[in-house]
1. So in the range 69-123, with the set limited to residues that are touching a helix residue (DSSP H, G or I) at 6+ places or on another chain (Cβ under 9 Å) and among the basic types (Lys, Arg), which one is surrounded by the most Cβ atoms within 10 Å (Cβ to Cβ)?
2. Residues that are over 30 Å from residue 27 (Cβ atoms), touching a residue at least 12 places away in the same chain (Cβ under 8 Å) and not aromatic (Phe, Trp, Tyr), at least 2 per element: which helices (runs of 4 or more DSSP H) completely within the range 178-271 meet that?
3. Could you grab me the full set of residues in the range 478-521 that are within 16 Å of residue 448 (Cα to Cα) and either without any contact (Cβ under 8 Å) to a residue 40 or more places away in the chain or not hydrophobic (A, V, I, L, M, F, W, C) (or both)?
4. Can you name every residue in the range 110-143 that is at pLDDT 95 or above and among the β-branched types (Val, Ile, Thr)?
5. I'd like to verify a number: residues in the range 241-299 that are farther than 16 Å from residue 90 by Cα, β-branched (Val, Ile, Thr) and surrounded by 18 or more Cβ atoms within 10 Å (Cβ to Cβ), how many?
6. Would you check which residues across the range 397-416 are surrounded by fewer than 15 Cβ atoms within 10 Å (Cβ to Cβ) and under 21 Å from residue 275 (Cβ atoms) and list them?
7. Looking only at the range 63-91, count every residue that is within 19 Å of the chain's Cα centre (by Cα) and under 30 Å from residue 438 (Cα atoms) and tell me the total.
Amino acid sequence: MKYRSTRGSPKLFSFSEAVLIGLADDGGLFIPQKIPTLPLNWRTKWSKYSFNSLALEIFSLFIPESEIPRTDLEVLINKSYSTFKHERVTPLKKIRENLYILELFHGPTFAFKDVALQFLGNLFEYLLEKKNKNILEGEKQKITVLGATSGDTGSAAIYGLRGKKNVSVFILHPRGKVSPIQEAQMTTVLDKNVHNLSVEGTFDDCQDIVKILFSDVPFNKKYHLGAVNSINWARILAQTTYYFHSYFQLLSSLNISPTSATSSNIHLRYVVPTGNFGDILAGYYAKRMGLPIEKLIVATNQNDILDRFFKTGRYEKIFDKNNINIVHETLSPAMDIVVSSNFERLLWHLAYETIDDVDDNGVKIVKDEEDNDHMKSNLAGSIVNNWMNNLKTKNCLVVNKSQLELSLRDFKSTRISDQETKDTISRYYSPKDTKNQIPYVLDPHSAIGVAASENQDNMSENTYQICLATAHPAKFSMAVKESLKDFKDFKFEEILPKEFVGLLEKERNIVHVERADPELVKKVIEKELEIELSNS
C-alpha cells in the first residue's frame with residue numbers, strides 16, 4: 001500500500017512517510033493509492049472482535065507489515081486504547097426506537113479525537129525510534145508537530161504527545177473561542193515538549209497558518225514539521241474502526257447474525273456532527289471498503305458551507321459588508337469552521353470517479369489498466385488543484401452535476417440552529433414519551449447530530465440511525481446549563497468527571513500571539529524551541 005497526494009504529484013509515499021510528513025509537498029493531502037476491500041469472511045470473523053482486535057485487522061489493510069510488523073502494531077494499538085475508561089472503548093447506546101448514540105468520549109480528554117490521537121502519539125514515537133535506531137544522540141531526527149484546534153483536537157493531541165521522545169508539539173487555538181474546559185485541558189499540561197499558542201483570530205486563521213508553515217519549505221525542512229490535525233491520514237484510519245465496531249454492536253443488540261438474511265435488510269445511517277469533515281470521512285472510507293452503510297448524514301451548525309455544498313454543488317465562503325469571512329460563534333464551537341480541510345479528500349474521489357476511461361473519440365485512454373489509473377489519478381489531482389486554487393482566489397469552487405450526484409450517493413446534509421440544539425438537549429434530558437425514549441444528557445455537538453437524525457425522510461422500520469456523540473457534555477457546561485436551566489432536578493455536578501474538578505484553577509502554560517500572522521508564529525515557535533532545548 002502506497003499513498004498519493006490529492007493534488008496530482010506523481011510521487012508515491014510509504015505509510016510512514018505519509019504519517020511523519022503529514023502534508024504533501026504540493027500542498028495536497030495523502031490518500032491511499034487504492035481503497036482495500038474487506039476479506040470475504042469479515043462478517044463472521046470480525047463480529048465478536050474487541051475494538052482493539054478490529055483496529056488491528058483494519059489498520060493491517062493499510063499498513064504494510066514491512067513497515068510495521070503485525071506484532072508491533074498490536075502493541076501500539078493495545079497501548080493506545082488502554083487509556084480509555086470503557087471496556088468497549090466506543091460503546092453503543094440505544095436512546096429511542098431505531099436511534100442509537102455511539103459514545104466516542106471515553107478517552108483521556110473526553111472527546112472523540114482521543115480515538116485517533118492516542119494512537120497517533122504512540123505511532124509518532126514508534127516511527128521516530130525506528131528511524132533513529134543506531135544513530136548518535138545529537139544526530140537523531142526530531143519532529144515538531146504543528147496543529148490548529150477549535151477545541152478538542154488540541155487537548156487530545158497534547159494528551160497523546162506529552163512526554164514523547166523526540167517530539168515537540170505546538171497547538172494554535174483562537175483566543176477566547178474555545179470553551180473554558182477545552183482551554184484548561186490544553187494549557188494545564190506542563191510537559192516541556194508541549195506549547196500552546198493562543199492566537200488573536202478565528203480557527204480558520206489558525207488552520208491557514210498551519211498550512212502556510214507546512215508549505216514553507218526551509219522552515220519545514222529545518223524543524224521537520226509533523227501534522228496532528230485530521231489532515232494526517234493516520235487519524236482518518238484510526239477513526240474507521242468505530243464504524244465497524246458500532247455495526248457489530250448494533251447487530252448484537254438486535255440479536256441478528258451478521259450473515260443472516262435479516263442483516264442484509266437493515267438500512268444503516270450514521271449521523272455525524274461535522275466541522276473539519278474528518279470524522280465523517282472515516283465513515284466514507286469504511287463504506288467504500290464494504291461496511292453496509294446506506295447514508296452518511298452531514299450535520300452542520302450555522303457555519304454551513306458543507307450543507308450548502310451538498311444542496312447546490314457550490315463550496316463557497318461567505319463575507320460580510322466589510323469583506324471579512326463570516327464565522328458564526330455558536331453553542332458548538334468545535335464546528336465553527338468555514339473551510340473543512342478533509343473535504344479535499346472527498347473532492348479527489350469525486351473527480352477521479354467521474355473521469356471517463358475514454359477520450360472524446362471514444363478511444364480508451366490507455367490500454368494498460370495500471371497506466372490508465374495513473375493517468376486518471378494525475379488528472380483528478382489537477383482538477384482538485386484547480387478547485388483549491390479557485391477556493392483560494394475566488395472563495396468558491398463548483399463541481400459539475402455528475403460529481404454532485406455522485407456525492408449524494410453516499411451523503412445527505414442538514415443544518416441545525418442554536419435554538420434547535422438547545423431544544424434537543426432539553427428534549428432528550430426529559431423525554432415526554434418515556435416509554436420509547438431513554439433520558440440522556442447531550443453535549444451541543446452531539447445534539448446537532450441527534451436533531452439532524454429527526455429531520456430525515458424515507459425512514460422504514462428497518463432503518464437504524466447511529467448518531468456519533470463526539471464529546472462529554474461536561475466539556476460544554478455553559479451550553480448544557482443554558483439548555484437545561486428550567487429543570488430544577490438537573491445538577492451539573494452529577495455529570496462532571498472527577499478529572500474536571502479544580503481544572504480551571506490549575507497553573508497554565510500558554511503563549512499569546514497578538515496577530516494571526518504566519519511570520520510572527522514562526523518566530524514564537526523558534527523561540528519556544530530554544531527554551532525547550534535549553535531546559536532538556
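The values are calculated or read from the model by the stated rules, or taken from the named source; none is laboratory data. Source: prediction; values computed, not measured. Counting neighbours? That spans all protein chains shown, and the Cβs are built from the backbone with ideal geometry, glycine included.
1. Per the criteria, the residue is 113.
2. Details: elements: 180-187, 203-215, 217-223, 233-253, 261-264.
Filter on the range 178-271 gives 180-187, 233-253, 261-264.
3. 482, 483 - these are the residues of the range 478-521 that are within 16 Å of residue 448 (Cα to Cα) and either without any contact (Cβ under 8 Å) to a residue 40 or more places away in the chain or not hydrophobic (A, V, I, L, M, F, W, C) (or both).
4. The one that is at pLDDT 95 or above and among the β-branched types (Val, Ile, Thr): 115.
5. Count: 4.
6. Initial filter on the range 397-416 (surrounded by fewer than 15 Cβ atoms within 10 Å (Cβ to Cβ)): 400-402, 405, 408-409.
Once the filter is applied, which keeps residues that are surrounded by fewer than 15 Cβ atoms within 10 Å (Cβ to Cβ) and under 21 Å from residue 275 (Cβ atoms), the range 397-416 yields only 408.
7. Within the range 63-91, residues that are within 19 Å of the chain's Cα centre (by Cα) and under 30 Å from residue 438 (Cα atoms) number 5.
Results for (1) more than 24 Å from residue 317 (Cα to Cα); (2) touching a Gly at 6+ places or on another chain (Cβ under 8 Å); (3) surrounded by fewer than 22 Cβ atoms within 10 Å (Cβ to Cβ); (4) touching a residue at least 12 places away in the same chain (Cβ under 8 Å), shown as yes or no for each residue.
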site: 382; (1), (2), (3), (4): no, yes, yes, yes
site: 389; (1), (2), (3), (4): no, no, yes, no
site: 393; (1), (2), (3), (4): no, no, yes, no
site: 429; (1), (2), (3), (4): yes, no, yes, yes
site: 440; (1), (2), (3), (4): yes, no, yes, yes
site: 458; (1), (2), (3), (4): yes, no, yes, no
site: 471; (1), (2), (3), (4): yes, no, no, yes
